[in-house]
Amino acid sequence: MDNNQVTLYRKRHIPNETNNLKDDNIVKITDNLIITTWKALKPRKDIRGGASAYFLDKGYKVSKLIDHNGDIVCWYCDIIDTTFDRENNAYIFEDLLLDVLVYPDHSVKVVDADELALAYKNGMIDADKMCKALTQMDELLNLIYDGKFYTIIQLLDEYN
C-alpha cells in the first residue's frame, strides 16, 4: 500500500471531533501495524512530538512522547477501535477513552476511566465499545506487567 495515498483520522468522543492527521508522517504500514512520526498538533511546552505505533489487531496505539530536549516524557497508550474506509483509503482511529501511561522509571498510570463512564452514561458509546475498551486495556496492561512492553519501546526507538 502506498503510504502517501493513505489518510489517517482520529475520532474522539470527548470532545466530539474527528481530526485529519494530515501532518503525521507514515513511516511504516503493514496489515496490522502503522507507524507514524509527528509534531504536536498545538504548540506545547512539555512535548515536541514523537512516534506512534498503531497495533490494528490489538486495539491500541502506543506513542513515544518526546520533549524539546529529545528526551522521552512517557509512552502514551491509547485504547482504540480502528475502521478502514476502503473507498477513501482511510483509517479512522476511534479513541475509546481509556489511556495507559508508561514512564521511563517503569511506573504505570491508567487515566480517563471517568471519561469512559461518562461517554457510556451519555450514550456516546455503547456497551460493546465499553467492553472492548476494557478488554483491550487489560491485554495491554498484562503485556506491561509481564515485562514485554520493551518490544514496543524497541520498535519506537527506531524513530525520533
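What follows is calculated from the coordinates using simple rules that are stated; it is not laboratory data. Treat the numbers as computed from the prediction; the structure is a model and nothing was measured. Neighbour counts are summed over all protein chains in view; Cβ atoms, including those assigned to glycine, are modelled from backbone coordinates with ideal geometry.
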>> Given the -39500 (n - 2.57) contribution per DSSP H run of 4+ residues, what per-residue ellipticity at 222 nm results for the chain, rounded to the nearest 500 deg cm²/dmol?
In response: -7000 deg cm²/dmol
>> Compute and list, largest first, the equivalent-ellipsoid semi-axes of the range 1-47 from the alpha carbon gyration tensor, each √(5λ) rounded to a whole angstrom.
In response: 21, 15, 10
> Any idea what the dipole of the range 3-157 comes to, in debye rounded to 20, about its Cα centre with Lys/Arg Cβ at +1 and Asp/Glu Cβ at -1?
Replying inline: 420 debye
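Which whole number in µm²/s is D for the range 67-142 by Stokes-Einstein, with the Kirkwood Rh taken over Cα pairs at 4 °C and 1.567 mPa s?
Calculated translational D: 93 µm²/s.
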> Per the Debye formula with a single identical scatterer at each Cα and no solvent contribution, what log10 I(q)/I(0) holds for the range 3-157 at q = 0.12 Å⁻¹?
Replying inline: -0.51
> For the chain, what relative contact order do you get, as a whole percent, if you take Cα pairs closer than 8 Å and at least 6 residues apart?
Replying inline: 18 percent
> What is the ratio of the Cα radius of gyration of the range 28-116 to 2.2 N^0.38 Å, where N is its residue count, to two decimals?
Replying inline: 1.14
> Which order do peptides 61-67, 112-118 fall in by mean Cβ count within 10 Å, highest first?
Replying inline: 61-67, 112-118
